[in-house]
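Inspection log for the structure reproduced underneath, given as structure tokens.
Read-outs throughout are calculated quantities, based only on the coordinates presented, and are distinct from any laboratory measurement. Not measured: the values here are computed from a predicted model. Glycine gets a Cβ as well: all are built from the backbone with ideal geometry, and neighbour counts include every protein chain shown.
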Amino acid sequence: MRTAVIRRVIFRPALLLCGSALSVGLMLATPAAFAQDAPTPDDLRALRYYVEQDEQAAVTAELRRLRTAFPDWTPPEDPAALVGPTGGPAGEVDDIYAAIARGDVAAARRMLSETRRSFPDWTPPGDMTNLLATAEAQGKFDTALSRGDAEGALRIGLATPELLRCTRINNTWRLAELEQSRGRDAAALAAYRQIVGSCSGESDLIATIEKADAVASEADLRALITLAGNRLPGSRAALAAVQSRLLAGRGGADAGSAATPPAAAKPATPAAAPSAGPAPAPVAAPAAAQPATPAPGRGVVAAAAVASPLSRLPASGDGRVGSTRSAAQAGDFRDCTERSTNPRSLDIAYERAWCVYNLERPLEALALFTAAANGPLSGVVKRDARYGMALALLKQDMTDAASRIAAETDFDTSQRRTVEGIILDQRGVRAFAQGDYPAAIRYLNALETLDGSLRRDLGLLRGYAYLNGGDKATARTLFERLNSELETPESRAGLRASRS
């Protein structure tokens, strides 16, 4: 029997890593690391600008600053000599930025190559290369979505964290909508939940909650709105109005009948109700039968399925690792997350991964787990990182991807039982939803063999699988056993359906 997962915070994916890594590196560098005899073309950029603008006072001040910074450097008698091919590109740089801004990645790449050939000593500024890489990744992300490749789009997003930030909220919305169109409501809801847990604009959160209404149960919807209200106390009145409006539109949707068991939440496996005629028709399963969600894990952390820029971090060196680990061991995942913002080494990224996983932020956890699995850490940590990777994928209902990780990894016995159990659970529920009742029975029987028992909601689901597959006798036996163990409206409904 799997434990319920904490449902609270959400993403800001590693997906949180920002440009501060550069400034940290500069702060830690020694003075000798920056010693040089003459200014680089980038150092001369401001001076060239002032010369071009004919701002003599600024030229004089900048020359004074450069002489102080580079005492062995002698500037040309005529500063105008710095403008032109010997001083580095000027207008070309503006043209490259303009091409990036309009999304013309091919033109930007072409102009960048031409500029490098014309100015061999010139190095493109970091923000230019970052913007270009992001624009290129955005194009690939768009292509993946247009092909209906949600997993490919997610891989691209994790490899380029900028794509999944709140400033590009539309990307996560589109990814969620694609998941919904494929019938993967749990994955869509996970994406919406991550937005609500990390973005802070009232209009963005309300729009996200409205989108989530199509894939969320009433309980899920209330939880999302509560989370948003806790993050934005000043918006609680507006959120309450949204909740009233959305719930009003659901009026009596969860009424049940003898043949269609009562729906306590959003059905994970909707199916047609049986007809009154003699031929057996598919019977809807109880809504409680949701695909399993991996339980929170601890121990050594897990890795993700995709390469991430975080993998470039050193194995250790971030001085916050001790306090972060202590918070994690105490179960204070929020404090752990706050202490490990923008990890500067893989050991702290590893600790952070479990904390954000337990705060319902599987996308960020996946990126951090990937870094740990791909980095220079011990073999045990790499294995446990891949375990976390599998859990994060399963949290997003990406069963097949998690199965591939499991097949390629030598998990310990406990890890393998956990991962394989969740995979069987999710596949059983999905097979029922797709009307493949024999497959649903096989998966659920295998899960019972693995665990030694079957969760009650899955036991009911298996009964309906037998019933819809035409085996009323077995279905009735299962429902009678469940009803004798604990008589509930669901078990009584199953009995009535199997006797009709």
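Could you sort the peptides 145-157, 337-349 by per-residue average Cβ neighbour count (10 Å cutoff), highest mean leading?
337-349, 145-157
Could you compute the FRET efficiency for T413 and A241, with r as their C-beta to C-beta distance and R0 at 56 Å, rounded to 0.05?
Computed FRET efficiency for T413 and A241 comes out at 0.65.
Classify the range 428-500 as rounded, prolate or oblate, taking a ≥ b ≥ c as the square roots of the eigenvalues of its Cα gyration tensor: rounded when a/c is under 1.5, otherwise prolate if a/b is larger than b/c and oblate if not.
oblate
Quick one: which residues, 5 or more positions from D471 or on another chain, have an amide H under 5 Å from its amide H? H modelled 1.01 Å from N in the peptide plane, none for Pro or chain starts.
For D471, no residues qualify.
With labels modelled as points extended 7 Å from the Cα through the Cβ direction, what inter-label distance (nm, one decimal) is found for E77 paired with Q329?
Computed distance between label sites E77 and Q329 equals 7.1 nm.
In the structure shown, do any of K211/K382; K140/K382; K140/K211 have a Cα-Cα gap over 27 Å, and if so which?
Table pairs above 27 Å Cα-Cα are K211/K382; K140/K382.
Any idea how far apart A61 and D43 come out in nm if each label point goes 7 Å out from Cα toward Cβ?
Here the modelled spin labels are 2.1 nm apart.
With label points built 7 Å along Cα→Cβ from the Cα atoms of A214 and R168, find their separation and express it in nm.
2.3 nm
Take the alpha carbon gyration tensor of the range 165-243, find the square roots of its eigenvalues, order them as a ≥ b ≥ c, and report rounded if a/c is under 1.5; if not, report prolate when a/b exceeds b/c, else oblate.
Note, shape of the range 165-243 comes out oblate.
Rounded, prolate or oblate for the range 338-451? Axes are the square roots of the Cα gyration tensor eigenvalues, ordered a ≥ b ≥ c, and the cut-off for rounded is a/c under 1.5.
Judged from the Cα gyration tensor, the range 338-451 comes out prolate (a/c at least 1.5, a/b above b/c).
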